[in-house]
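Report on one structure; see the data block that follows.
The values are calculated or read from the model by the stated rules, or taken from the named source; none is laboratory data. Bear in mind that the values here come from a model prediction, so they are computed numbers and not experimental data. FYI the Cβ positions are ideal-geometry reconstructions off the backbone, even for glycines, and counts take in every protein chain you see. Side chains are part of the model used for accessible areas, which takes the heavy atoms of the whole protein and leaves out ligands, DNA and RNA. Shrake-Rupley method; radii C 1.70, N 1.55, O 1.52, S 1.80 Å.
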Amino acid sequence: MTSRLFLLAALPCLFLAQGAESRLKIRASTAALTDAELSREALPTPGTTARAGVASPTRAPWVIANGWRFMRQPAAKWRYDVPAGKATLAAAEAFTYGADALLKIDPADETSLGAMLAFLEGLPPVDLPPIADLAIVEDGTAITGEVMNLLARRNLLYEIVKAPSSRYRITIALGSREFPVEDATDPSAFALKIRRLLTDEQRTLRIFGTEVVIARLVGDAARIRLHLVNYGGREIEGLRVRLRGAYAAGEAFVAGAGRVALHDQVVADGATEFTLPRMGTYAAIDLNATR
């Protein structure tokens, strides 16, 4: 008899549309999905993979992440079909972006996924808008989607807009004089161009020491929450983070470890730096702005 597991978790959604409270449901099953469930948008398995044709161990791994898809279609219903060992990463990723996700999981992951969902449910609830440094005009094209993907993987925070916005110093509109489509045919080089235009000094967020952690930042003038998702599959030690602005000592909530103290927090030159001593798949860091 085929077993079927439903992990129904009414999790607080961290991104609120038009100020209305919403709830995130992550459902998981070990059985074959129904036709209705299969009608959801399919997602690739998150994680890392070696780059095609690149054998050097010094090269950064290719990160497969779905955050940009969730941002692009926030109202969509999604589904994962993940192999053993990937359920907790899929759940953490979906939670970070407030996605409505169904997980088809391996039975071996039932216990670890249940622990992750319990941890996410236990986080202090927040009601904070996303923070961005630049905007991208949505045109529905695949090339714009790939630009979104590369910017997200490099932790360049952006908002997707329908038309050029004066709220941001940089608004990417592919096909414009400043950002011709031809420039984006190499999305990696294009992302580097955007980083140079923004400058590292003006970035709200920088992460040091790893290329496999993707961040999502929400907040207002009083406080922020930083979501960190580790796609590398291994525990990371000594993750250094820099945030523009002055923040008091905060709290880190690390999946599998609970509350963890931040180390070596320094406020200088209009920015706050600290070290998260360790993290597995997911961590959330809450900080209050200093007056």
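Gain on full extension, evaluated as 0.36 nm per residue between residue 220 and residue 264 minus their Cα-Cα distance, stands at 13.4 nm. Only helices enter the 222 nm calculation for the chain: every DSSP H run of n ≥ 4 contributes -39,500 (n - 2.57), and dividing by all residues gives -5500 deg cm²/dmol, rounded to 500. Averaged per residue, the chain has 48 square angstrom of accessible surface, using a 1.4 angstrom probe with ligands and nucleic acids left out. Taking the protein heavy atoms of the chain in the context of the full set of protein chains, the accessible area attributed to carbon and sulfur is 50 percent at 1.4 Å. FRET efficiency for the pair residue 42 and residue 246, taken as 1/(1 + (r/R0)^6) with r the Cβ-Cβ distance and R0 = 41 Å, rounds to 0.40.
Listed options for log10 I(q)/I(0) by the Debye sum over Cα atoms at q = 0.06, 0.10, 0.14, 0.15 Å⁻¹ are (i) -0.19, -0.54, -1.10, -1.27; (ii) -0.25, -0.62, -1.09, -1.22; (iii) -0.18, -0.50, -1.00, -1.15. The value calculated from this structure is the one marked (i).
The distance separating the Cα centre of region 248-291 from that of region 116-152 comes to 20 Å. Is the shape of region 157-291 best called rounded, prolate or oblate, per the rule: a/c under 1.5 gives rounded, else a/b larger than b/c gives prolate, else oblate, with a ≥ b ≥ c the square roots of the Cα gyration tensor eigenvalues? In terms of gyration-tensor shape, prolate.
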